[in-house]
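Quick note: the coordinates plus some simple rules give every number you see, no bench work behind them. Bear in mind the structure is a predicted one, so any value in this text is a computation, not a measurement. Every residue, glycine as well, gets a Cβ built from its backbone with ideal geometry; the counts of neighbours run over all protein chains shown.
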Number of protein chains: 2
Amino acid sequence: MTSRDGYSWTKASGLKQGVPSIGVISPSTNVSSAESKYDVIVIGAGYCGLTAARNAAIEGLRVLLLEGRDRIGGRSWSSNIGDYPFEMGGTWVHWGQANVWREIARYQMTNELVNSFDFSKGVNHFEFDTAQGDATMNHEQEDELMASALGKFFNVDGSFGRKIMPLPHDTFKTEKAVDLDKLSALDRINQISHSLTLDERAALESFILLCSGGTLETMSFHEMMHWWAMCGYTYQGCLDYLITWKFRGGQSSFAIKFFNEALATKRLSYAFDSPIKSVKDTGNNVTVTTRDGQQYQADRLISTVPLNVLEALSFDPPLPIGKQSAISIGHVNQCVKVHAEIPDKDLRSWTGVTYPHNKLFYAIGDGTTPAGNTHIVAFGGKFNHMNAEENVEDTLGAVKGLFAPENNNGRSPDVARLVFHNWSRDEFSKGAWFFPPPGLLANHLEAMRSRHGNILFANSDWAVGWRSFIDGAIQEGCRAAFEVRTELQAQRSGDMPHS
Amino acid sequence: MTSRDGYSWTKASGLKQGVPSIGVISPSTNVSSAESKYDVIVIGAGYCGLTAARNAAIEGLRVLLLEGRDRIGGRSWSSNIGDYPFEMGGTWVHWGQANVWREIARYQMTNELVNSFDFSKGVNHFEFDTAQGDATMNHEQEDELMASALGKFFNVDGSFGRKIMPLPHDTFKTEKAVDLDKLSALDRINQISHSLTLDERAALESFILLCSGGTLETMSFHEMMHWWAMCGYTYQGCLDYLITWKFRGGQSSFAIKFFNEALATKRLSYAFDSPIKSVKDTGNNVTVTTRDGQQYQADRLISTVPLNVLEALSFDPPLPIGKQSAISIGHVNQCVKVHAEIPDKDLRSWTGVTYPHNKLFYAIGDGTTPAGNTHIVAFGGKFNHMNAEENVEDTLGAVKGLFAPENNNGRSPDVARLVFHNWSRDEFSKGAWFFPPPGLLANHLEAMRSRHGNILFANSDWAVGWRSFIDGAIQEGCRAAFEVRTELQAQRSGDMPHS
């Protein structure tokens, strides 16, 4: 099946909107007109919504899952082109991520991980192209440079953040950590710039911009420290957790397990292609109205709509001020992720930073396609932002700009294929994974997490722990479904929920 | 409530069997004589059995949970003496442990962790008492010594094990890793002994004996490497994962959540004080007979009986040869864990190794009791084994032997209280957490994990991933309940389970 989402380009076919994915659901709905009231409606079929719907269904509730897109996965989905998965959004997982790994183990997929990196053959170097010029170094040198730069950035307490943020799931536990959310990444860089070499500064900036998809001025230092803490306070941990292990069959091969398990209970109704317009909670009943006027009712609603999209929905009664404030601030991640298939197998062991001059500033060899080409994944963001579908020549130029001919045996690589999803112009995401500006978390995290009458808000955007990650999405979906099920169970049996 | 399990000693009261715990269940059964056949019977109310029973119950099955003891928790439970939790068995958890952390997050207990270590006041040193004599060093020196020793031990591939065991949940993936299971820890030490200082060797041996509860000759090097890989291939990771974060309210405050959630579904029947004698599977029906002659029937059985205890049960039809072989080999962990309350608050920041001469060879300051005393937790094992209840003077001597007077301002500490559980003489555990001899995993892991007709075998002893840990127990319980529920669901609706 082909999704409306995503773009691909080849010389032969030019730019095409829509790419094939095993995450497209057909038929797009199984709702019969006879349905009356559900126990719970879940808005959104990303990992958070899938988890919420699945858990509620397997725990006995009648569930309706509504999704604006034609596919599951939200901001994490894979396209299958020539039987090879390109990850359009969220990609990497790790056994140290509790919620996603629990599911991977449960679905017996622990042996389906592959390593994005393969340094066993080919050029086997790191290309570092900055205002100081082009250079190549080996990957050990790359790691040393990054580790040194990040170590200086995060060492606010003489313990690389372990003292100031000892529990990464409770990041505001120490007062000093609260203060970190007043700083942007640039503020922190200014504190330590005297101790950074020019190479370290370029390495540091490119790495943290990769993480935030924002700009140095608009990204919270606290949240960047939170990522570092989650990764075990080391650069090696960042590599392991953030960019190493992915699914052999792509994210959609994982997401579909949740959907199929829910469907097998025969308690899951669903409707794709069903964007939501409004939500009304009368106190006894929640009514959801789609853009095309369909109405559905339930005892509870779980909204998994991302922060940047919530303003598009109307709520009656209106959302509380705290939540409205968070929505009006929004998050800053406008990551640009572009896959390029390059007919040069030697680039499999290539990694590169081209910063700050190139619109794609961080990239790695991510796989070998069935055609034997190297698959490069490259990242840009709000800094030097581009809409990759607008001018393909520019996008091709940004890909080629990753490789200085003098560093690659005089070659400027050919590009056989591009694949990408423009998350910035996607009305159901309005950006990539959550990354907050300074102050948003310190002031509004609780407001983002809180429920509003019979409406629960679950999204990786305000997860504790692996916030912004697939793990956080699953955690939030689990949290919401647990709350709804125990609440309804207690109501119906006349008991209070057991704590 | 007071459990029959465990021992406590004070000068005033002497040795007493049985300690109070919030994990004791009263009434001990809710089974009415009217019960007929269950969907599933779960044997064992440790974390594995609790998870299996809870998941099955919340997913709609009628469950009977049978347990030989008077309490939940199996090899992980906490006693509450003077409102302070002493962890009798499994203690520490970490957010990088997927299954246990998923549950901690789900029960909103992420903020209930406390750090076993507190180096903020007191003696703040590591006491290292070996054949080379007594010495003290600061904790940074302790960490350097341990990191250096362990680094040499595990660096079999120039990458500290990352190449030979890249995926810690799939430890036999590389052929070279299979070979590691032919080695005992002593075999590996002999390979590198030329490169170890005497201090490093003593540090290494005491640390890995702490992990295995066995002897250097009988513990598998492969499994020790597996622990190291799970901990991120660093000593810091070992500290973080293995011995840092515990529950403020004790393990039983966590385990009771599983039990209460299952109970609230009204689909959980249970009977404590009900040791099992035999199991018969007719193909359509599993019958469980208790020692006192009670019989229960179900469609499926989940046995969470540990490896070392399985020989006490009779199975009809008999267990397959592979499983029988594994059972006859057994695991080697005979850990001795002794808590001592010492009226010296300065020892809160103390850690120590007394090896090989003392029966308790590894210990740390683990807390401050309500009386203001330091709580020391000390470990021994099969090497130089003792039964701590047999001769309390010897046990007190082993505790006092942790502290050389010359290292502690001339003081030999007073001991106000001892608390412990003798896992070696416990008929329902016959040892502590699983630790295999060489060959057991390479030859029998699949046999241990496999089902036998309608009987599923789930236990942390043969978990992939955090085998031997609470995490592995939860993972296994989840695996078994998932298999049973999807199977029965498919049978009853006439469908095949969705994959």
* How would you order B:46-58, A:101-113 from highest to lowest mean count of nearby Cβ atoms within 10 Å? -> B:46-58, A:101-113
* Calculate the spin-label point distance for B:THR10 paired with B:GLN491, positioning each point 7 Å from the Cα along the beta-carbon direction, and give it in nanometres. => 5.3 nm
* Asked: Between B:ALA371 and B:THR289, what length in nm is gained on full extension when 0.36 nm per residue of separation is reduced by their alpha carbon distance?
  -> 24.9 nm
* Hey, if you put +1 on the Cβ of every Lys and Arg and -1 on every Asp and Glu Cβ in segment A:416-499, which of A:GLY431, A:PHE469, A:ASN443 ends up farthest toward the positive end of that dipole? -> A:GLY431
* log10 I(q)/I(0), Debye, Cα-only segment B:246-358, no solvent, q = 0.18 Å⁻¹? -> -1.12
* Could you give the size of the charge dipole of the protein assembly as shown about its Cα centre, using +1 on the Cβ of each K and R and -1 on the Cβ of each D and E, expressed in debye and rounded to the nearest 20? => 2380 debye
* Asked: Among B:TYR296, A:ILE302, A:VAL415, which residue has its Cα positioned farthest towards the positive end of the charge dipole of the protein assembly as shown, with +1 placed on the Cβ of Lys and Arg, -1 on the Cβ of Asp and Glu, and the dipole taken about the Cα centre?
  -> B:TYR296
* Structure fact -> By the C-alpha gyration tensor axes a ≥ b ≥ c (rounded if a/c is under 1.5, else prolate when a/b exceeds b/c, else oblate), the shape of segment B:143-196 is oblate
* Structure fact -> With x for Gly and Pro, the residue-by-residue ³J(HN,Hα) of segment B:75-85, computed from phi through the Karplus equation 6.51 cos²θ - 1.76 cosθ + 1.60 at θ = phi - 60° and given in whole Hz, is 7, 10, 7, 10, 9, 10, 10, x, 6, 10, x
* Structure fact -> Taking max minus min of the Cα coordinates of segment A:307-363 on each principal axis, largest first, gives extents in Å of 59, 22, 15
* To do: Determine the dipole magnitude for segment B:71-142: charges of +1 sit on the beta-carbon of Lys and Arg, -1 on that of Asp and Glu, nothing else is charged, the reference point is the Cα centre, and the result goes in debye to the nearest 20.
  => 540 debye
* Output the antiparallel fraction of DSSP beta bridges having both residues in chain A, as a percent to the nearest 5. => 70 percent
* **Global geometry of segment A:156-304, whether rounded, prolate or oblate, following the gyration tensor of its Cα atoms and the 1.5 cut on a/c** => prolate
* Using the 2.2 N^0.38 Å rule of thumb for compact globular proteins, work out how segment A:381-499 stacks up: its C-alpha Rg over that value, please. => 1.65
* Asked: Pairing the Cα long axis of helix B:139-154 with the longest principal axis of chain B, what angle in degrees results, from 0 to 90 and rounded to the nearest 10?
  -> 60 degrees
* Structure fact -> Under Stokes-Einstein, segment A:156-226 at 37 °C and 0.692 mPa s, with its Kirkwood radius over C-alpha pairs, diffuses with a coefficient in µm²/s of 261 µm²/s
* To do: Report the semi-axes of the equivalent ellipsoid for segment B:93-169 in whole Å, largest first, where each axis is √(5λ) for an eigenvalue λ of the Cα gyration tensor.
  => 30, 25, 8
* To do: Count, for each residue of A:105-112, the Cβ atoms from other chains sitting within 10 Å of its Cβ, then give me the mean as a whole number.
  => 5
* Using a Förster distance of 45 angstrom, determine the FRET efficiency expected from the C-beta separation of B:LYS176 and A:SER32, and round it to 0.05. => 0.20
* Asked: Against the longest principal axis of chain B, how steep is helix B:440-449, in degrees 0 to 90 to the nearest 10, with axes from Cα atoms?
  -> 30 degrees
* So which of A:LYS152/A:LYS382; A:LYS345/B:LYS173; B:LYS280/B:LYS323; A:LYS382/A:LYS430; A:LYS266/B:LYS37 end up more than 19 Å apart by C-alpha? -> A:LYS152/A:LYS382; A:LYS345/B:LYS173; A:LYS266/B:LYS37
* Structure fact -> In terms of the charge dipole of segment A:158-296, which places +1 on Lys and Arg and -1 on Asp and Glu at the beta carbon, the residue among A:ASN190, A:PHE259, A:MET224 farthest towards the positive end is A:PHE259
* In the neighborhood of A:ASN358, defined by Cβ-to-Cβ distances under 12 Å, what is the net charge if each Lys or Arg adds +1 and each Asp or Glu adds -1? -> -2
* Can you give the average number of partner chain beta-carbon atoms within 10 Å of each beta-carbon in peptide A:264-272, as a whole number? -> 2
* Convert 4 °C to kelvin, take the viscosity as 1.567 mPa s, use the Kirkwood radius over C-alpha pairs of the protein assembly as shown as Rh, and evaluate the Stokes-Einstein diffusion coefficient in µm²/s, rounded to a whole number. => 44 µm²/s
* Asked: With charges only on Cβ, +1 for K and R and -1 for D and E, what is the dipole size of chain A about its Cα centre, in debye, rounded to 20?
  -> 1220 debye
* Asked: With each label point set 7 Å from Cα along the Cα-Cβ vector, what nm distance links A:ASP199 and B:ALA147?
  -> 2.3 nm
* **segment A:111-244: Rg to Rh, with Rh as the Kirkwood radius over Cα pairs** => 0.99
* Lys and Arg at +1, Asp and Glu at -1: add these up for the other residues within a Cβ distance under 11 Å of A:MET109 and post the number. => +1
* To do: Using Cα positions and a limit of under 20 Å, work out the lysines in reach of B:LYS16, with same-chain residues fewer than 8 apart set aside.
  => B:LYS337
* Asked: In vacuo Debye scattering of segment A:361-446, one point per C-alpha: log10 I(q)/I(0) at q = 0.11, 0.12, 0.14 Å⁻¹?
  -> -0.43, -0.50, -0.65
* To do: Assign one of three labels to segment A:9-114, namely rounded, prolate or oblate, based on the Cα gyration tensor with a ≥ b ≥ c the square roots of its eigenvalues; rounded applies when a/c is under 1.5, prolate when it is not and a/b is larger than b/c, and oblate otherwise.
  => oblate
* **Antiparallel DSSP beta bridges within the protein assembly as shown, as percent of all bridges there, nearest 5** => 70 percent
* Measure nothing but the geometry: give the 0 to 90° angle between the long axis through the Cα atoms of A:470-493 and the longest principal axis through the Cα atoms of chain A, rounded to 10°. => 10 degrees
* **At 1.306 mPa s and 10 °C, Stokes D of chain B from Kirkwood alpha-carbon radius, µm² per second** => 68 µm²/s
* Asked: What is the local net charge at B:PRO275, summed over the other residues whose Cβ is closer than 9 Å to its Cβ (Lys, Arg +1; Asp, Glu -1)?
  -> -1
* At 222 nm, what helix-only mean residue ellipticity would chain B give, in deg cm²/dmol to the nearest 500, using -39500 (n - 2.57) for each DSSP H run of four or more? -> -9500 deg cm²/dmol
* Per residue of B:91-97, how many C-beta atoms from partner chains lie within 10 Å of its own C-beta, taken as a mean? -> 4
